[in-house]
1. What number, rounded to the nearest 500 deg cm²/dmol, is the helix-based mean residue ellipticity at 222 nm of the protein assembly as shown, given -39500 (n - 2.57) per DSSP H run of at least four residues and division by all its residues?
2. Compute the acute angle (0 to 90°) between the alpha-carbon long axis of helix B:5-35 and the principal axis of greatest extent of the alpha-carbon atoms of chain B; round to the nearest 10°.
3. Which value in nm describes the separation of the simple spin-label points at residue A:137 and residue A:174, placed 7 Å from the Cα toward the beta carbon?
4. Sort B:212, A:185, B:92 so the one with the fewest other Cβ atoms within 10 Å of its own Cβ comes first.
5. For the protein assembly as shown, give the share of DSSP beta bridges that are antiparallel, in percent and rounded to the nearest 5; count only bridges with both residues there.
6. Using the alpha-carbon atoms, what tilt in degrees (0 to 90, nearest 10) does helix B:231-257 show relative to the longest principal axis of chain B?
7. Only Cα pairs within less than 10 Å get springs; with that Gaussian network setup on chain A, which residue of A:47, A:148, A:221 has the largest fluctuation?
8. Classify the range A:238-301 from the C-alpha gyration tensor, please: rounded if a/c falls under 1.5, else prolate or oblate depending on whether a/b exceeds b/c.
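Since every read-out is calculated from the coordinates, none of them should be taken as a lab result. This is a predicted model, so every value here is computed, not measured. Cβ atoms come from the backbone with ideal geometry, glycine included; neighbour counts cover every protein chain shown.
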Ligand SMILES: Nc1ncnc2c1ncn2[C@@H]1O[C@H](COP(=O)(O)OP(=O)(O)O)[C@@H](O)[C@H]1O
Ligand SMILES: [Mg+2]
């Protein structure tokens with residue numbers, strides 16, 4: 001890794017953004033964010049659709065020029081040094097953008113040539129990477145008939161063809177079934193263990209919890225919280241959450257009676273969430289107040305609750 | 001030494017072509033050959049039996065039509081290459097978005113595409129010349145020389161169509177482009193009948209058609225006959241369309257890919 005130390009001796013961050021802004025016409029998609037990503041880290045942007053995650057990733061990937069603020073990627077200026085930066089990045093975009101009429105192997109070979117890698121190196125890497133993403137026996141089959149999970153794994157292999165210093169993954173598992181998501185997480189875990197720096201965006205809180213060492217919670221172009229997943233939960237949510245579901249139509253009447261319970265009561269269209277450090281006591285009190293919810297579920301707090309607490313909205317609408 | 005970036009894009013086209021050459025080559029050769037047979041022989045008998053295309057009387061309709069067809073089929077193939085792959089790359093499959101995440105820049109992508117179009121149009125055109133020679137419609141040497149203006153017509157169209165399509169979001173624009181622009185330019189290009197047959201008021205308008213300049217130049221070279229205007233004017237019009245198309249196309253590609 002070609003990461004020169006900064007004057008004070010600690011290694012320079014791979015990504016350094018200060019008051020970074022992206023506007024499309026009058027619309028501000030990214031509204032002055034500060035981000036630092038260190039080498040070897042798995043860093044996440046967690047936020048709902050439209051939060052500005054892809055816009056941020058495209059600026060970091062040196063494909064979209066920032067409108068305002070400062071941005072350094074791998075110590076370089078993405079506007080001036082775009083080609084040098086992109087030569088050292090791996091990118092898994094939100095769309096697969098695979099050539100479906102070509103074979104798995106050819107998709108990788110063509111991509112490798114964009115980086116001007118010698119053909120012999122490309123051949124070796126294709127073997128290695130298809131092995132890594134478990135598509136070895138699909139090398140000569142067309143992309144078109146592959147499953148969604150397989151295509152996504154192929155895109156990950158493609159992003160690694162240039163042996164990048166850092167990999168950017170924009171919603172790596174959106175639209176996949178649970179089994180395919182787990183297979184993909186396992187591969188990304190493998191990358192992490194190899195020491196590859198990962199930056200990923202997601203609107204799945206479980207994905208963020210599983211993969212990210214550190215993350216920022218993004219909403220409407222701004223960062224609303226930052227930290228390790230466990231730290232964010234500890235800071236912004238209580239230990240437990242009680243989910244109450246009422247029979248149809250009864251939630252409205254029940255709501256006033258829940259007043260003051262736990263630390264915080266949040267009403268969602270289909271259920272009520274009460275956060276508390278003593279869930280048992282809250283449940284007892286619910287019954288004492290004469291309420292009869294159809295179901296009562298006690299669970300530990302997640303990043304979803306952090307997001308809800310900070311923005312008043314859910315991650316997935 | 002680093003491979004020029006546009007050449008890397010070209011390599012991608014070549015690798016893709018290994019899988020797709022049959023379909024695309026057959027259609028881009030079969031169509032003009034069918035036209036040559038049907039119109040050159042069938043219609044030709046009628047035309048040559050009447051006033052003919054050449055008042056001096058030497059040139060058969062078949063021989064007159066062949067270079068025109070060479071130019072307009074290059075133009076059509078160029079339009080196709082500038083429309084479908086560009087729409088797919090920018091909007092439908094978005095493959096271009098993955099390409100420009102590498103050291104390849106939007107302009108490299110367009111130029112690589114145009115180099116590829118040049119090669120493909122030359123190969124397809126050469127096969128057409130071979131067929132036309134077999135029909136007795138062309139002489140081999142002048143026919144091959146006429147490839148140059150025909151291919152220039154094709155890549156000028158390709159550049160202009162690429163530039164236009166890159167500014168569009170939906171495929172509706174594509175059918176509109178073919179129906180209302182490409183087909184009229186094809187029909188009124190002077191490939192099938194001399195523009196002088198049009199009403200006197202219409203002819204000057206038809207001469208604004210850049211494809212007519214391509215047909216005129218290609219025919220001039222293939223038949224070794226004088227062109228309507230000085231050859232440099234015909235070549236200049238085509239080159240201008242090519243250069244302006246490429247310039248605007250680079251801007252349009254960057255607007256989409258570097259938003
Ligand atoms: N090229 C663009 N032109 C105009 N608006 C855009 C463009 N790209 C994104 N946006 C807008 O910016 C906002 C943030 O989008 P995006 O960064 O894609 O968010 P996310 O990836 O978090 O869903 C959205 O409202 C989106 O419509
Ligand atoms: Mg997005």
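1. -15500 deg cm²/dmol
2. The angle comes out at about 30 degrees.
3. 3.3 nm
4. B:92, A:185, B:212
5. Antiparallel bridges make up about 65 percent of those DSSP assigns within the protein assembly as shown.
6. 20 degrees
7. Of A:47, A:148, A:221, the most mobile in the Gaussian network model is A:148.
8. Prolate is the answer for the range A:238-301, as a/c is 1.5 or above and a/b outweighs b/c.
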